[in-house]
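So the structure is just underneath, and the comments pick up after that.
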Amino acid sequence: MPEPEPYAAVVLAGGRAARMGGQAKPQLDVGGRSILAAVLAAVPDAAPRVVVGPPQPVPADVVVVREDPPRGGPVAAMRAGLAHVPTGVVALLAGDLPFLTAGLVRALRERLTGDGVLVVDDTDRDQLLLGVWRTAALRAAVADVHGPTSVRRVLAPLAVRRLHPEVAPGQPAPWTDCDTPADLARARAAAARRVPRRPRG
């Protein structure tokens, strides 16, 4: 299989987190590291890696930008992040995916056709913030959107391919997110009982 195109990553790490009591979800600890650290670790070869949200701890090579207006929603955050993307391909990711892996991101990049490819979970629900896209298509989709708009509506006109990744026994699903305290507790429990992957060889 040919090498995938170079890519950037935009991670949406803002939001009000009302159901988490206003805590900054990306900075919550799961499995001994922040959730945002886990997401960034899944895109180590992306250049640049852009985090959209309030100032927060990130590696030195990560760009942090703020959506306009602040807390203006995910579509405004997408627009802000895309302004810093020089590559033709971009991974668009939520900042609360503690079990995202580099392998899944690469699988998405390898399957990129049309405007984009995203993950479908085990309930056949599109994971809109877990995908890889043609940057130009994503920019065009958000360019003329004003006011609060859902990501689903913005992405609906695009030509999207879907990937349903297999989840190995003992491994938490890569689309696991942490929207509520119960979600966070389940993620922490899953990390604690996670089965170590056997090295290939």
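The values are calculated or read from the model by the stated rules, or taken from the named source; none is laboratory data. None of the values given here were measured: they were computed from a predicted structure. A quick note on method: Cβ atoms are made from the backbone with ideal geometry, for glycine too, and the neighbour counts reach across all protein chains shown. Keep in mind that these areas ignore ligands, DNA and RNA; they rest on the heavy atoms of the full protein, side chains included. Shrake-Rupley method; radii C 1.70, N 1.55, O 1.52, S 1.80 Å.
Observations
- Counting charges near D115 (Lys, Arg +1; Asp, Glu -1) among other residues having Cβ under 10 Å from its Cβ returns a value of +2.
- Portion, in percent, of the accessible area of segment 7-194 that falls on carbon or sulfur, probe 1.4 Å: 53 percent
- Taking amide H positions as modeled 1.01 Å from N, with prolines and chain starts lacking one, the residues under 5 Å from V51 and 5 or more places away or on another chain are V11, V63, V64, V65.
- Total formal charge among the other residues, if their Cβ is under 10 angstrom from that of A76, Lys/Arg +1 and Asp/Glu -1: +1
- With all protein chains kept in place, the per residue accessible area of the chain amounts to 51 square angstrom at a probe of 1.4 angstrom.
- DSSP bridge pairs, segment 78-201: antiparallel proportion in percent, nearest 5: 70 percent
- In this simple spin-label model, placing a label point 7 Å from the Cα along the Cα-to-Cβ direction at both A189 and E110 gives a separation of 3.4 nm.
- With DNA, RNA and ligands ignored, accessible area of V63 (1.4 Å probe; Å², nearest 10): 50 Å²
- Summed side-chain charge close to L158 - residues other than L158 whose Cβ falls under 13 Å, Lys, Arg +1, Asp, Glu -1: +4
- Volume of the Cα convex hull of the chain, divided per residue and given in Å³: 128 Å³
- Simple point charges give the picture: +1 on the Cβ of Lys and Arg, -1 on the Cβ of Asp and Glu, and for the chain a dipole about the Cα centre of about 340 debye.
- Under 5 Å between amide hydrogens, built in the peptide plane, is the criterion, and for L129 it picks out nothing among residues at least 5 positions away or on other chains.
- Label positions at A83 and A156, each projected 7 Å from the Cα along the C-beta direction, are separated by 2.7 nm.
- Estimated vicinal HN-Hα couplings, Hz - segment 35-41 in sequence order (Karplus 6.51, -1.76, 1.60; Gly, Pro = x): 4, 4, 4, 5, 5, 5, 5
- The HN-Hα couplings worked out from phi for segment 130-139 by the Karplus form 6.51 cos²θ - 1.76 cosθ + 1.60 (θ = phi - 60°) are 8, x, 10, 9, 6, 4, 4, 5, 5, 4 Hz, whole numbers, x standing for Gly and Pro.
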